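One structure is given here, and the rest of the page talks about it.
Any read-out appearing in this document is the output of simple, stated calculations on the displayed coordinates, not a laboratory observation. This structure is a prediction, so every number in the text was calculated from the model and none was measured. Virtual Cβ from ideal backbone geometry, glycine too; neighbours counted across all protein chains shown.
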Amino acid sequence: MAGVKFLVCALFYGDFPALAQRCALSLRALRDTGAVDLRIGLNEVSAASRAAIGAALPGVDALHADPQIYKYPMMHRLVHGYAGDATHLMWFDDDSCLVPGTDVPRWLQAVAGAAQGTRGMLGAAYLRAQPEPERAWVRAQPWYTGRPFPAATRFATGGWFVAPLALLRRFDWPPASLRHNGGDVALGALCHQQGLEVLDCHGGIAVNAGDSLVPSSAPRRGFSEPPLGLGG
């Protein structure tokens, strides 16, 4: 993994100890490689979930928020409070995990190779047409370059993604205006404006998965809002 090192961050929420344990065990497998740094955020996490996380990840670098501060403020604290030598963020929501049986060192090497091959981001790629209120939000951002909007914005869904830390630091991402929903599409819009790729690369990861481990099958939990807090 010459040239690439991951800061693995994960966000845990609420009273879902089985889900917390599943994600935490994936994080432990990554930490056990000795090749990553790890930080986690705990938003209103119950005692049972804390116990499951602590058992899997003793001594983990954790930020606590009770009441919760929502996803993107916690992401900002985890990323911009980090002072180590990692080059890329690898983000997990707590309903994403490694697929059982994954050869973790080999998988990590493959993801590092993909990350090294692009200045953009990796993840489970989707397309979404952005309505005018979201486009207006994009136009107001310091990273907007005037590049024409595509018919649909390509983005990596926020449950698991990889992005260069230099990119996030350059644009102070995520911005203070983001709270909980829509940041993944917004980051895809940033990549589009900056001429950066969003690569589909999520083999070995069950992204936002329910008990079946089918991607995008996990029920939505906790706070919800319109994307970027906007109507439209």
Extension gain, S212 back to V99 (0.36 nm per residue minus Cα-Cα distance, nm): 39.6 nm
The stretch 88-200 pair-distance distribution - Cα-Cα, 10 Å bins, rounded %: 13, 47, 30, 9, 1
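Kindly give Rg over Rh for the stretch 6-212, based on alpha-carbon atoms, with the Kirkwood expression for the hydrodynamic radius.
On the way: Rg = 16.5 Å, Rh = 17.3 Å.
So for the stretch 6-212, dividing Rg by the Kirkwood Rh gives 0.95.
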Chain lengthening between T33 and D172 when straightened (0.36 nm per residue, less Cα-Cα): 47.1 nm
Using alpha-carbon coordinates, inclination of helix 183-193 to the longest axis of the chain, degrees: 50
The chain, relative contact order in percent, only Cα pairs under 8 angstrom and at least six apart counted: 23
Between the stretch 181-207 and the stretch 95-154, the Cα center-to-center distance that results, in Å: 1
DSSP beta bridge pairing in the stretch 23-161, given as percent antiparallel to the nearest 5: 60
Enclosed volume per residue, in Å³, of the convex hull spanned by Cα atoms of the stretch 65-109: 105
Protection proxy ranking, peptides 82-88, 122-128, average beta carbon neighbours within 10 Å, highest first: 122-128, 82-88
Inter-probe distance in nm under a simple model that places probes 7 Å from Cα toward Cβ, at Q116 and Y144: 3.8
Surrounding net charge for S217, when Lys and Arg each add one and Asp and Glu each subtract one, Cβ distance under 14 Å: 0
Share of Cα-Cα pairs in the stretch 139-232 lying beyond 20 Å, as whole percent: 43
Sum of side-chain charges, L228 neighbourhood, beta-carbon under 10 Å (Lys, Arg +1; Asp, Glu -1): -1
